[in-house]
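Asker: Mind looking over this structure? Questions follow.
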Amino acid sequence: MPELIAKSALDGRSMNVGGVTLAEVQVGPITSIAVLPGGTKAVAKGLRPLGLSMPEPNSFHERKGARIVWTGREQAFLIGVDCPALEGAAVTDQSDGWTVLALSGPAAVDVLARLVPTDLRLGACPVGRALRTGVNHMNAVILRTGDYAFEIMVFRSMARTAWHELETATHMVAARAGVKI
Amino acid sequence: MRLTCPLCGERDRREFYYYGAEDYLHRPGEGASLAEWDSYLHLRDNVAGVVRDLWYHEAGCAQWLVVTRNTVTHEISGVELVAERAK
């Protein structure tokens with residue numbers, strides 16, 4: 001069998017404008033865990049060796065390089081580690097279906113404010129939040145990873161569109177601040 | 001207009017899609033009369049006051065919601081998950 005090389009959608013692209021950094025990041029395996037009716041206890045047991053549990057709505061947790069993100073009712077994404085054998089859940093590999101963009105810098109929140117119809121200011125969206133919302137017309141999962149840092153998950157097929165939207169908004173915010181670009 | 005999704009919290013109208021009256025949840029059973037099907041598919045009251053609608057949180061958690069709202073005052077008095085109601 002030929003050895004296949006995994007390639008990301010944007011080839012690890014990055015840019016920095018006006019103190020805001022936008023970069024594609026590699027997050028490793030992404031597994032969707034959809035809990036089946038009555039499967040809550042079995043899933044909790046299966047996740048225990050990782051030190052993780054199913055997250056509350058709008059949140060994510062991290063432990064030793066593994067991250068679990070709320071992505072819907074009775075559903076989460078396990079990211080960065082191979083998924084252990086789980087009873088009580090429908091488990092699917094989503095690794096090549098998503099692109100993750102990291103947006104950071106003091107004005108990152110202003111960039112997202114132009115595209116996202118949700119309040120992402122620190123007071124309303126503290127570190128550890130994971131929101132399913134939209135970036136313009138794209139569905140996205142937005143993680144608050146730091147006071148000035150976000151990760152934005154979009155469908156891989158939307159990677160270049162998402163990049164374009166965020167790049168344009170970043171330039172606009174920089175121009176407004178009078179930063180020479 | 002903002003709706004408070006039971007899972008996601010208060011969100012903008014842009015994240016939601018309107019489907020129609022709550023009546024769509026009450027599909028007639030097998031062998032129902034033509035009159036019942038006619039009512040289910042077509043007959044709606046045009047209420048000035050409290051109505052119950054189906055909305056879909058398409059740019060959010062992808063849950064169907066029953067929204068209770070007042071067409072006169074625009075007050076939204078309830079948002080429930082369809083999935084939780086079925087339990």
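Asker: Would you confirm whether or not the stretch A:63-83 contains a residue that is free of Cβ contacts under 8 Å to residues at least 40 places away in the same chain, among the hydroxyl-bearing types (S, T, Y) and outside the structural domain of A:M172 (by TED's automatic domain parsing)? Before the answer, list the steps.
Answerer: Our first condition is that a residue be free of Cβ contacts under 8 Å to residues at least 40 places away in the same chain; within the stretch A:63-83, this holds for A:63-66, A:68, A:73.
Narrowing further to those that are among the hydroxyl-bearing types (S, T, Y): none.
Checking the stretch A:63-83: not a single residue is free of Cβ contacts under 8 Å to residues at least 40 places away in the same chain, among the hydroxyl-bearing types (S, T, Y) and outside the structural domain of A:M172 (by TED's automatic domain parsing).
Asker: Same structure again: Please note which strands (runs of 3 or more DSSP E) are completely contained in the stretch A:58-148 and include at least 3 residues that are surrounded by 17 or more Cβ atoms within 10 Å (Cβ to Cβ) and within 14 Å of the chain's Cα centre (by Cα).
Answerer: So the answer is A:66-72, A:75-79, A:98-104, A:130-135, A:138-146.
Asker: Could you tell me whether B:E80 is open to solvent by 60 Å² or more (accessible area, probe 1.4 Å), within 14 Å of chain A (Cβ to nearest Cβ), within 15 Å of the chain's Cα centre (by Cα) and in contact (Cβ under 8 Å) with a residue 60 or more places away in the chain?
Answerer: yes
Asker: Next question. Answer yes or no: is there a residue in the stretch A:80-100 that is of a type in the set (D, E), more than 30 Å from A:E167 (Cβ to Cβ) and within 14 Å of chain B (Cβ to nearest Cβ).
Answerer: No, the stretch A:80-100 contains no residue that is of a type in the set (D, E), more than 30 Å from A:E167 (Cβ to Cβ) and within 14 Å of chain B (Cβ to nearest Cβ).
Asker: Okay, next question. With B:A48, B:A35 as the choices, which residue is modelled with pLDDT of 95 or more, loosely packed, with under 14 Cβ neighbours inside 10 Å and either among the aromatic types (F, W, Y) or in a helix (DSSP H, G or I) (or both)?
Answerer: Within the list B:A48, B:A35, the selection yields B:A35.
Asker: Another question, if that's okay. Restricting attention to the stretch A:1-15, and to residues there that are touching a residue at least 40 places away in the same chain (Cβ under 8 Å) and not small (G, A, S), which single residue is farthest from A:T170 (Cα to Cα)?
Answerer: Across the stretch A:1-15, the extreme among qualifying residues is A:L10.
Asker: With the requirement that a residue be surrounded by fewer than 17 Cβ atoms within 10 Å (Cβ to Cβ) and either in contact with a Pro (Cβ under 8 Å, 6 or more places away or on another chain) or among the acidic types (D, E) (or both), what does the stretch A:39-49 give you?
Answerer: Passing the criteria: only A:P49.
Asker: Kindly list the number of the only condition in (1) over 15 Å from the mean Cα position of the chain (by Cα); (2) open to solvent by less than 20 Å² (accessible area, probe 1.4 Å); (3) more than 19 Å from A:A9 (Cβ to Cβ) that fails for A:A175.
Answerer: Tallying (1) over 15 Å from the mean Cα position of the chain (by Cα); (2) open to solvent by less than 20 Å² (accessible area, probe 1.4 Å); (3) more than 19 Å from A:A9 (Cβ to Cβ), A:A175 fails exactly one: (2).
Asker: Something else: Of the residues in the stretch A:27-51, how many are under 22 Å from A:S95 (Cα atoms) and not in a helix (DSSP H, G or I)?
Answerer: 11
Asker: Which ones in the stretch B:42-82 are of a type in the set (F, W, Y) and within 12 Å of B:L3 (Cβ to Cβ)?
Answerer: B:W55, B:Y56
Asker: What's the number of the only condition in (1) open to solvent by 70 Å² or more (accessible area, probe 1.4 Å); (2) more than 14 Å from chain A (Cβ to nearest Cβ) that B:R85 fails to meet?
Answerer: (2)
Asker: Let me ask something additional. Check off (1) surrounded by fewer than 17 Cβ atoms within 10 Å (Cβ to Cβ); (2) on the phi < 0 side of the Ramachandran plot; (3) touching a residue at least 12 places away in the same chain (Cβ under 8 Å) for B:W55 and give me the number that stays unchecked.
Answerer: Here B:W55 meets the rest and fails (1).
Asker: State all residues of the stretch B:1-30 that are away from chain A (no Cβ under 13 Å) and in contact with an Asp or Glu (Cβ under 8 Å, 6 or more places away or on another chain); if no residue qualifies, say none. Spell out how you get there, then give the answer.
Answerer: Residues of the stretch B:1-30 away from chain A (no Cβ under 13 Å): B:18-30.
Those that are away from chain A (no Cβ under 13 Å) and in contact with an Asp or Glu (Cβ under 8 Å, 6 or more places away or on another chain): B:Y18, B:Y19, B:G20, B:A21, B:E22, B:P28.
The values are calculated or read from the model by the stated rules, or taken from the named source; none is laboratory data. Given the structure is predicted, the values throughout are model-derived calculations rather than measurements. Virtual Cβ from ideal backbone geometry, glycine too; neighbours counted across all protein chains shown. Just so you know, the surface numbers come from the protein's heavy atoms only, side chains and all, with ligands and any DNA or RNA stripped out. Shrake-Rupley method; radii C 1.70, N 1.55, O 1.52, S 1.80 Å.
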